[in-house]
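This report concerns only the one structure given below.
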2 protein chains.
Amino acid sequence: MTLEQALAKMNELQAAQQAYNHAMGVLSLDGDTAAPSASAKGRAETMGYLSGVTYRLLVNDEVKEALETILSERSRVTPMQARQAELLKEDYDDSVRIPMDEYIAFSTLVTQSNAVWHEAKLKSDYAAFAPYLEKIIDFNRRFAGYKDATKPAYDVLLDGFEKGTTTEALDPFFSLLREKLTPVILEVASRPEPDTSFFQQRFPLHDQRLFSDKLMALMGLPRDRCGIAETEHPFTTNFNKWDVRITTHYAENDVADSMYSVIHEGGHALYELGTADEIQFTNLASGATMGLHESQSRFYENLIGRSLPFCRALLPLMQECFPQQMQGVTAEQLYAAVNKARPSLIRTQADELTYGMHIAIRYEMEKLMISGDAKVSELPAIWNRMYKDYLGVTVPSDREGILQDVHWAGGQLGYFPSYALGSAYGVQMLSAMEKEFDPWADVEKGDLSRVTAWLGEKIHRYGKLLTPSALLQNAIGQPFDPNFYVEYLQKKFSALYRL
Amino acid sequence: MTLEQALAKMNELQAAQQAYNHAMGVLSLDGDTAAPSASAKGRAETMGYLSGVTYRLLVNDEVKEALETILSERSRVTPMQARQAELLKEDYDDSVRIPMDEYIAFSTLVTQSNAVWHEAKLKSDYAAFAPYLEKIIDFNRRFAGYKDATKPAYDVLLDGFEKGTTTEALDPFFSLLREKLTPVILEVASRPEPDTSFFQQRFPLHDQRLFSDKLMALMGLPRDRCGIAETEHPFTTNFNKWDVRITTHYAENDVADSMYSVIHEGGHALYELGTADEIQFTNLASGATMGLHESQSRFYENLIGRSLPFCRALLPLMQECFPQQMQGVTAEQLYAAVNKARPSLIRTQADELTYGMHIAIRYEMEKLMISGDAKVSELPAIWNRMYKDYLGVTVPSDREGILQDVHWAGGQLGYFPSYALGSAYGVQMLSAMEKEFDPWADVEKGDLSRVTAWLGEKIHRYGKLLTPSALLQNAIGQPFDPNFYVEYLQKKFSALYRL
């Protein structure tokens with residue numbers, strides 16, 4: 001195969017992958033947003049069929065030869081072509097190392113396990129879910145071995161979500177969080193709670209929908225390229241930079257719930273919307289890693305969205321949409337309310353200060369699961385003990401404990417640390433940004449364009465063109481240092497709670 | 001190839017077609033309901049790619065051999081297998097005659113043309129749409145020639161939507177309508193208008209959405225298998241009997257608009273929802289022809305939905321959702337209002353009496369387009385002249401004239417006559433139904449189950465298993481006779497307007 005043939009083959013593969021990813025992405029989005037409930041079986045058939053097609057598209061000798069040809073002649077191809085081949089080769093290797101029958105067995109297991117978990121969570125019945133979790137752990141351990149038997153299995157899994165991440169790096173990271181933040185968390189918990197009563201009124205859904213439109217405009221999300229839909233659990237999905245979707249969930253008795261979902265998912269969306277034109281319709285046209293994605297979503301949600309200047313920009317919009325409910329509320333009261341910090345049970349509802357502890361617990365749990373140092377039957381007790389140790393809260397039921405998250409039921413172990421890393425990356429990015437300009441006057445005026453342009457320049461436009469570590473380096477200009485994150489939280493919450 | 005191999009190949013083909021049709025159907029639905037406007041280009045790429053794949057799935061020698069093997073051994077296969085092969089062979093023949101590059105170009109054109117038409121309609125800018133229409137006409141003419149060069153092109157197109165239909169049959173059909181109904185239309189137009197003022201109030205969209213839910217329940221549409229979304233132009237789409245979607249369009253100042261869209265599309269949906277389990281995930285699992293589909297949608301919309309008994313069932317639901325707007329309105333007033341008959345501009349808003357004239361105009365327009373007897377640039381003037389001639393109305397803008405319908409933008413020429421045929425089929429079906437039982441006592445109670453069961457038994461369950469003519473025969477039990485339709489309209493509107 002000549003290099004020209006190899007490049008043509010790679011382009012053909014990517015065009016096909018784009019089409020299938022788009023189709024499967026829309027099928028999945030439709031399933032979550034609009035499809036009637038009985039449609040699940042038919043959709044599973046279609047997805048199963050198309051998954052088979054995409055597997056065979058990638059895993060065949062012609063593709064292998066094409067990718068190897070390109071990678072052996074790096075000097076004769078563009079950096080973009082080299083990076084495309086590199087990432088495709090990684091996908092190829094990951095796919096080819098897992099025997100097809102195990103891959104199918106795992107997919108089937110995950111589909112079942114998801115359904116069982118939904119029921120088990122409703123009934124707080126860990127015993128029903130445990131056999132599935134056990135098998136999921138086994139599969140993950142085995143798959144990690146196939147991928148790289150020379151490394152500890154959990155490191156291999158971490159690497160799958162956040163390239164280059166190891167327990168060697170994460171152990172001190174989470175230790176630092178625990179050591180430095182626990183005193184703040186305890187101290188804050190002893191202070192009076194801010195008034196959040198104005199959030200707990202009736203906010204009609206159609207008013208909240210109009211508010212989402214204003215919020216998206218405030219964030220600078222272009223509506224001709226970014227849609228919004230409603231789902232039980234909010235998420236962002238993207239097909240190309242001209243077609244990004246966020247979802248939210250409206251709670252009629254809590255306007256802050258959807259508000260911060262929209263801002264968080266809006267952050268993910270800005271990343272995807274900001275990828276460069278040149279990389280569209282290739283495998284580079286998407287955010288680099290989960291951690292970098294979370295760095296963006298949590299940047300907008302917390303660093304911007306829960307700042308006093310942003311609250312000043314937000315308040316008039318809220319008062320426009322909810323004149324009665326928000327009557328007489330000041331920006332300072334809003335700021336205090338959106339930063340209410342208390343040790344709690346549910347990760348997705350946790351405040352900015354305690355969030356990292358929820359992740360630290362899951363990180364320790366996952367290490368135990370993969371190492372086999374804890375039996376699956378012992379996990380709920382360990383979970384509950386850790387929640388007591390780390391956050392001082394008593395877990396009343398597995399529903400509000402170990403069964404709360406979908407990730408393990410969905411087959412994913414090693415994902416959680418990305419959330420905490422993303423939060424920490426974001427703070428260091430903000431620090432770098434503040435060295436170049438003061439974003440807060442803009443934010444207070446409700447103008448995020450310079451903020452988004454800066455992140456776009458440093459991160460968004462590259463997609464997956466740069467390696468994750470080069471990207472992070474590009475944005476923070478120095479080695480990653482979690483002390484930025486810890487100090488930011490110490491300072492913010494000390495001031496808020498007058499510690 | 002053995003018969004067993006041929007049947008296996010046919011099953012494999014159908015499984016693949018189901019998956020691709022599902023994916024492309026959802027992509028298209030998403031494009032119409034939820035996707036942001038700039039997403040059109042990316043979707044066109046994906047649809048173009050997948051169209052190519054589905055073309056190659058069907059058009060290859062192995063498929064040809066399999067289908068010919070099955071069709072040559074009809075005595076050894078089930079009637080269902082034989083019918084599947086027959087329809088696939090028709091599709092194969094249609095496709096193989098069209099060069100692949102033209103097929104792909106047409107699919108891409110249609111996706112673009114749809115988007116352009118949306119804009120053009122908004123701006124009443126026929127000139128923007130004209131180049132697309134010109135290409136669509138050319139493609140249709142050429143495709144008709146590929147399909148059967150021995151027949152007039154328009155007859156070939158008509159046959160594609162309504163098997164066996166020819167201008168030879170339609171010319172006298174539309175002449176009959178024009179001859180018999182024009183006097184009634186003129187006479188009715190000279191009588192005082194019924195009071196419809198209660199429809200022209202403010203009906204907030206969120207109340208109308210709740211009303212749609214009640215209306216769907218009244219029609220017996222199972223919500224676990226049937227969704228509803230919002231589009232500019234209402235339609236129904238189906239992926240299998242467990243996943244059918246209708247769409248509607250809400251006008252805040254006219255509740256009847258969406259109400260009859262929901263009932264009309266609900267009729268289409270009941271057809272698809274009623275196809276038998278045994279034919280799901282095969283090419284038989286869908287309505288037989290456009291005309292038969294319209295016979296069902298217009299059955300519910302007009303024969304049921306605009307009857308006095310149905311108005312009696314409807315009124316309490318309307319008063320529940322719109323207590324102020326519908327206060328003091330009687331069922332008789334509602335019946336008179338929903339049957340207001342006046343020559344008008346917009347087909348989808350036309351009354352039952354004048355509807356056929358809108359179709360007659362489109363039929364004549366399509367004949368001119370395909371014959372080439374009119375230039376594309378002349379079409380708006382011709383349209384406007386015909387509206388004057390047939391209905392006595394003056395078309396104020398192309399938006400309310402030639403740009404009003406999606407069909408031509410969607411690449412479909414020859415579709416419109418099915419609407420009028422469907423209306424006529426439906427009246428003859430109702431006549432057959434009334435010989436077996438009196439549906440009106442049920443309808444007045446808001447119970448459509450026996451009506452739907454009868455149609456289900458005669459039409460819905462078969463999908464495409466029977467030929468269209470056998471199906472129609474099955475329901476009406478005698479030769480098709482458009483006089484049933486004409487007489488029904490004469491009788492109904494003579495009574496309503498005391499002619």
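Structure above, values below:
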read-out	value
FRET efficiency for B:Glu320 and B:Asp224, using Cβ-Cβ distance with R0 set to 30 Å, rounded to 0.05	0.85
Rounded Å value of the spacing that divides the Cα centres of region B:411-451 and region A:189-245	45
B:Lys445-B:Asp125 pseudo-label distance in nm [points 7 Å out on the Cα-to-Cβ vector]	5.6
Computed [θ] at 222 nm, helices only, for chain B once each DSSP H run of length n ≥ 4 contributes -39500 (n - 2.57)	-20000 deg cm²/dmol
Relative contact order of chain A, defined on C-alpha pairs under 8 angstrom at six or more residues apart (%)	19
Shape category assigned to region B:356-403 from the gyration tensor of Cα positions, a/c cut at 1.5	oblate
Sequence-distant lysines (8 or more away, or on other chains) whose Cα lies within less than 17 Å of B:Lys135	B:Lys367, B:Lys375
Distance-filtered residues of region A:1-32 - backbone nitrogen under 18 Å, label point 7 angstrom along A:Glu65 Cα→Cβ	A:1-14
Degrees between helix A:255-273 axis and first principal axis of chain A (Cα, 0 to 90, nearest 10)	40
Cross-link partners of B:Lys340 among aspartates and glutamates (Cα-Cα below 20 Å; sequence separation of 8 or more within a chain)	B:Glu187, B:Glu193, B:Asp195, B:Glu252, B:Asp254, B:Asp257, B:Glu301, B:Glu332, B:Asp351, B:Glu352, B:Glu400, B:Glu487
Accessible surface of the protein assembly as shown [probe 1.4 Å, protein heavy atoms]: carbon and sulfur percent	51
DSSP bridge orientation in chain B - percent antiparallel, rounded to nearest 5	50
Share, in percent, of DSSP beta bridges within region B:213-286 that are antiparallel, nearest 5	50
Descending principal axes extents, chain B, alpha-carbon based, whole Å	71, 51, 45
Set of aspartates and glutamates near B:Lys64 by C-alpha distance (under 14 Å), chain-local residues within fewer than 8 positions excluded	B:Glu12, B:Glu86, B:Glu90, B:Asp91, B:Asp93, B:Asp94
Helix A:126-147 vs. chain A, principal-axis angle (Cα, 0 to 90°, nearest 10)	50
Pairwise burial B:A, computed as accessible area of each alone minus the pair, summed, 1.4 Å, Å²	2600
Accessible area (Å², per residue) of chain A, counting only protein heavy atoms and a probe of 1.4 Å	41
Beta bridges per DSSP with both ends in the protein assembly as shown, % antiparallel, nearest 5	50
A:Glu434 - accessible surface, heavy atoms, 1.4 Å probe, Å² rounded to 10	90
Spin-label model distance (nm) - B:Asp213 vs B:Phe437, 7 Å beyond Cα toward Cβ	3.0
Pairs beyond 23 Å (Cα-Cα), from B:Lys121/B:Lys151; A:Lys89/A:Lys147; A:Lys9/A:Lys163	B:Lys121/B:Lys151; A:Lys9/A:Lys163
Helix axis angle, B:3-33 relative to chain B longest principal axis, alpha carbon, degrees	40
FRET efficiency, 1/(1 + (r/R0)^6) with R0 22 Å, evaluated for B:Lys388 and B:Ser190 via beta carbons	0.75
Spacing of the two label points (7 Å from each Cα toward its C-beta) at B:Glu12 and A:Ser397, in nm	5.1
Rounded, prolate or oblate (a/c below 1.5 giving rounded, otherwise prolate when a/b exceeds b/c) for region A:168-322 by Cα gyration tensor	oblate
12 Å reach of a label modelled at B:Gln112, 7 Å along Cα-to-Cβ, counting backbone N of region B:25-62	B:41, B:44-45
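The values are calculated or read from the model by the stated rules, or taken from the named source; none is laboratory data. Quantities reported herein were computed from a predicted structural model and do not represent experimental measurements. Reconstructed Cβ throughout: ideal geometry from the backbone, glycine too, with neighbour counts over all protein chains shown. SASA here: full protein model, heavy atoms, side chains in, ligands and nucleic acids out. Shrake-Rupley method; radii C 1.70, N 1.55, O 1.52, S 1.80 Å.
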